[in-house]
1. Every residue in segment 62-104 that is part of a loop (DSSP other than H, G, I, E, B) and modelled with pLDDT of 75 or more, please.
2. Is it true that some residue in segment 105-113 is open to solvent by 40 Å² or more (accessible area, probe 1.4 Å), at negative phi, at pLDDT 80 or above and not acidic (Asp, Glu)?
3. Restricting attention to segment 15-27, which residues are open to solvent by 70 Å² or more (accessible area, probe 1.4 Å) and closer than 19 Å to ALA79 by Cβ?
4. Return the pair list, or none, for Cβ contacts closer than 6 Å from residues in segment 129-150 that are closer than 11 Å to LEU173 by Cα and at pLDDT 90 or above to residues that are open to solvent by less than 10 Å² (accessible area, probe 1.4 Å) and of a type in the set (Lys, Arg), at least 6 apart or on different chains.
Amino acid sequence: MDPYTLYTDNDLVTLLAQDDQLAFEQLYTRHWAPLYQSAFYIVQDSDACKDIIQDVFAWLWEHRHTLEVQSVKAYLKAAVRFKLANYIRSGRVRASFFESLAGFAPPALSPGCEELAEARELQVLIQQTIAQLPQKCQEIFRLSREERLTNQEIAERLGLSVKTVENQMTIALRRLRNGVEPYVIGTLLLVVFGR
């Protein structure tokens, strides 16, 4: 049995400050998967999530001599949350991120917790933004998201050209992004990562 698995996170940080690479590897093994899952839930981009998590752990190694953390788990979650917020703000997030917001459902959280209330507020904001779209645009967007129809199927159903459907979807996604982006970054990160 690997003795490092028995150490607490704080013990591992102490060893990390002494350049113990095995302590670093144990921290990585212990925390990588949950951080990745939380990040992926938000941006749905595996490569971006891997890069963000790698950046956080690289920073941890580089600053191992000056680290002052009370809770490694909370520290890593906060670091990933910060990197994700920057990633989303930078505009590098894929359009599918905002497309997936149309069907956003809060993750399973304890009733009455603040994060659940904020997730529900986000869900209401998304629905309000969709409801403010022009009627035809809203209809096309809902057919795409709720009935999962392709642009071709929507065009055939509504007697429109595929190009018109594509244009209307672009408008809908742009408005959704503009309507919820300022709120969504903080709320999603809070809901998924907690405080």
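The values are calculated or read from the model by the stated rules, or taken from the named source; none is laboratory data. Note that the structure is predicted; figures quoted are calculated from it, not measured. Glycine gets a Cβ as well: all are built from the backbone with ideal geometry, and neighbour counts include every protein chain shown. Side chains are part of the model used for accessible areas, which takes the heavy atoms of the whole protein and leaves out ligands, DNA and RNA. Shrake-Rupley method; radii C 1.70, N 1.55, O 1.52, S 1.80 Å.
1. HIS63, ARG64, HIS65, THR66, LEU67, GLU68, VAL69, GLN70, SER71
2. No: segment 105-113 contains no residue that is open to solvent by 40 Å² or more (accessible area, probe 1.4 Å), at negative phi, at pLDDT 80 or above and not acidic (Asp, Glu).
3. Selection gives GLU25 alone.
4. none
Quick grid of which residues meet (1) farther than 30 Å from LEU173 by Cα; (2) without any contact (Cβ under 8 Å) to a residue 40 or more places away in the chain:
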| residue | (1), (2) |
| --- | --- |
| GLN21 | yes, yes |
| TYR41 | no, no |
| LYS50 | no, yes |
| VAL56 | yes, yes |
